[in-house]
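Chemist: I have a structure I would like to understand better, so I am pasting it below and will then ask my questions one at a time.
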RNA sequence: GGUCACGUGGCCGAGAGGUUAGGCAGAGGUCUGCAAAACCUUGUACAGCGGUUCGAAUCCGCUCGUGACCUCCA
């Protein structure tokens, strides 16, 4: 089996993954800002890194997965009239800031659960770590890389860049950044336009505010991740994940802050997922083209032709490599829905197949192919989490599984070991690693009994060649969302929508 | 304007110097009382123009197109 390789955004190449501490992985993912509802674009990183977490765990690593909740507004720096997203929205909705934060945190967690994302081990909030942030800012000041100006504190990027490779992660050159002519509020306080805020003085109307050595204010955007990741994962940890759009300035700033405060860059491997686009444009609030997660699940949005099950969305996302853009479309989602149904059905068929006891495969060639498809799954995941290829291989096996059931493929074609391998591959990759769940919930017993009775009556009619009755039963059930299928062996199965 | 990506068959999307991605849709067939499902067969694509090479969709250059970041952003 191959070794795990990950594309490291920092070095721009695939690298063999080797944790700092043997068998342990520290992983930090930038979490949501809970000033509003999450949209489809937000779903991607959390699903992507959920799979990363699942796969690392599958490989036997003890993973500590930290994902923050940004519940304090520090979007003040660019200084539009919105001083602080959280408090502004709070005034609008006449809610306490923390009430608002609670509301959207709950909604976020609701969505994550439906996507079948495993909860992080630690989910720290920015407001709960103001002290840590203040002390980290202080440390940076003590080191001489930050300065205070009118109650705000800024990081001295120019000075930093003289000694450290500022811009390496995001591929930026400091000289070009210094030349950027952007007229933004607060710029006059900074020594250079590239400097970023570590601490912002709170204007009088600002609701969220904390006391600090520099007066009342609130932390800058980038410092929370640095303070919280180092607190729970140490000064240097293994993996840092997030959306590509966070590379600059957020992650670049994190690196600078940590380098000064802790003497090293925070993470060894940086992973960035690409964006979800809609009509070719990035889905994002600035473009006003978002489809919220609640809308996606309910179908209540002008762009949506139907509601989409969370597992369909998850499957759709995993059918694309995480570093490629993924264009939203109804056709794509609908194709994924059908595809996932077929794959999951095959998995259920596989679980019910009688493995047999033959040591030797009746069809050596097919047996070899199946073995190869199974074994390749590990290689594909090891190659920078290529979930798309894993899914493709699982699909390769669907006709084999269905063929065995339908009689087109001999039951003896595969050896008993290969049956087991196939089943364990689906268990491991489809369920455990990709985190897929069935679309329908298990129906309860009473419905089972009622349907059994109807099926019995229908079968009776069919033996009498009373097709009017049998078709009536089937058609009425179809209308009610219950689909009957006459199987080859004479049995009748059904699925409930 | 600067930096960086990307451009694959009807659609979505992997991959990558010579050998089938996969899914959805379409066509034909098998099975079936009819359906549905399933199974089988079927598509030879890689923006354009040059170059490197025995050979390129895959490498290099140019052109065109699209997008991302440079500001909050997943």
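Throughout, read-outs are computed from the coordinates displayed, never taken from laboratory work. Computed from a predicted structure; not experimentally measured. Here Cβ is always computed from backbone atoms with ideal geometry, including for glycine, and neighbour counts include all displayed protein chains.
Chemist: If I take R0 = 30 Å and measure r between the Cβ atoms of residue A:420 and residue A:449 in this structure, what FRET efficiency does the formula 1/(1 + (r/R0)^6) give, to the nearest 0.05? Kindly include the intermediate steps, with their values, before the conclusion.
Modeler: Numbers: r = 34 Å, r/R0 = 1.13.
Efficiency computed from Cβ-Cβ geometry: 0.35.
Chemist: Among the DSSP beta bridges whose two residues both lie in chain A, what percent are antiparallel, rounded to the nearest 5? Don't skip to the end; give the middle numbers.
Modeler: Values: 23 of 45 bridges.
Restricted to chain A, the bridges split so that about 50 percent are antiparallel.
Chemist: Counting every Cα pair in segment A:164-291, what percent are over 20 Å apart? It would help to have the intermediate numbers written out before the result.
Modeler: Working: 4616 of 8128 pairs.
Of the Cα pairs, 57 percent sit more than 20 Å apart.
Chemist: If one takes the longest principal axis of the Cα atoms in chain A, at what angle in degrees, from 0 to 90 and to the nearest 10, does the Cα axis of helix A:467-479 lie?
Modeler: Once rounded, the angle reads 10 degrees.
Chemist: Sort the following peptides by mean Cβ neighbour count (other Cβ atoms within 10 Å, averaged over residues), highest first: A:16-29, A:191-204, A:224-237.
Modeler: Working: A:16-29: 17.5, A:191-204: 20.6, A:224-237: 22.4.
So the peptides A:16-29, A:191-204, A:224-237, ranked by packing, come out A:224-237, A:191-204, A:16-29.
Chemist: Right, another one. Test of understanding: ordering A:61, A:429, A:287, A:164 by Cβ neighbours within 10 Å, fewest first, what list do you get? It would help to have the intermediate numbers written out before the result.
Modeler: Details: A:61 20, A:429 23, A:287 12, A:164 15.
So the ranking, lowest neighbour count to highest, is A:287, A:164, A:61, A:429.
Chemist: Evaluate the relative contact order of chain A (contact order divided by residue number), counting alpha-carbon pairs under 8 angstrom at least 6 apart; express in whole percent. Write down the numbers at each step before the final one.
Modeler: On the way: 760 pairs, mean separation 80.3, N = 497.
For chain A, the relative contact order is 16 percent.
Chemist: Among the DSSP beta bridges whose two residues both lie in segment A:178-302, what percent are antiparallel, rounded to the nearest 5?
Modeler: Working: 6 of 12 bridges.
For segment A:178-302, the DSSP antiparallel bridge percentage is about 50.
Chemist: Would you mind giving the average projected area, over all directions, of the Cα convex hull of segment A:5-273 in nm² with one decimal? Can you show the working numbers first?
Modeler: Numbers: hull surface 55.2 nm².
That works out to 13.8 nm².
Chemist: Kirkwood hydrodynamic radius for segment A:365-426: how many Å is it when counted over pairs of different Cα atoms? Walk me through the numbers on the way to the answer.
Modeler: Working: mean 1/r = 0.0841 Å⁻¹.
Averaging 1/r across every pair of different Cα atoms and inverting gives 11.9 Å.
Chemist: Any number yet on Rg/Rh for segment A:94-212, C-alpha, Kirkwood? Could the numbers behind the result be given before it?
Modeler: Details: Rg = 18.3 Å, Rh = 17.4 Å.
Rounded to two decimals, Rg/Rh equals 1.05.
Chemist: Turning to a different aspect of this structure: Taking R0 as 22 Å, what's the FRET efficiency between residue A:300 and residue A:342 from their Cβ-Cβ distance, rounded to 0.05?
Modeler: On the way: r = 27 Å, r/R0 = 1.24.
After rounding, the FRET efficiency stands at 0.20.
Chemist: Per the Kirkwood formula on distinct C-alpha pairs, the Rh of segment A:445-496 is how many angstrom?
Modeler: 11.1 Å
Chemist: Restricting things to alpha carbons, find the Rg to Rh ratio for chain A using the Kirkwood radius for Rh. Provide the component values of the computation, followed by the final result.
Modeler: Working: Rg = 27.2 Å, Rh = 25.6 Å.
My calculation puts Rg/Rh at 1.06.
Chemist: Still on this structure, I have one more. At 222 nm, what value in deg cm²/dmol follows for chain A if DSSP H runs of at least 4 each add -39500 (n - 2.57) and the sum is divided by all its residues, to the nearest 500?
Modeler: On the way: 16 runs with 213 residues, N = 497.
Taking each H run of at least 4 residues, the total per residue is -13500 deg cm²/dmol.
Chemist: Please determine, in degrees from 0 to 90 and to the nearest 10, the orientation of helix A:416-425 with respect to the longest principal axis defined by the Cα atoms of chain A, where the helix direction is its Cα long axis.
Modeler: Its long axis makes an angle of about 40 degrees.
Chemist: Ranking request for peptides A:371-379, A:298-306: highest mean number of other beta-carbon atoms within 10 Å first, then the rest in descending order.
Modeler: Values: A:371-379: 17.9, A:298-306: 12.1.
With the highest mean Cβ count within 10 Å placed first, the list reads A:371-379, A:298-306.
Chemist: Could you tell me how far the Cα centroid of segment A:401-480 sits from the Cα centroid of segment A:235-311, in Å?
Modeler: What the calculation gives is 39 Å, centre to centre.
Chemist: Pairing the Cα long axis of helix A:364-382 with the longest principal axis of chain A, what angle in degrees results, from 0 to 90 and rounded to the nearest 10?
Modeler: 20 degrees
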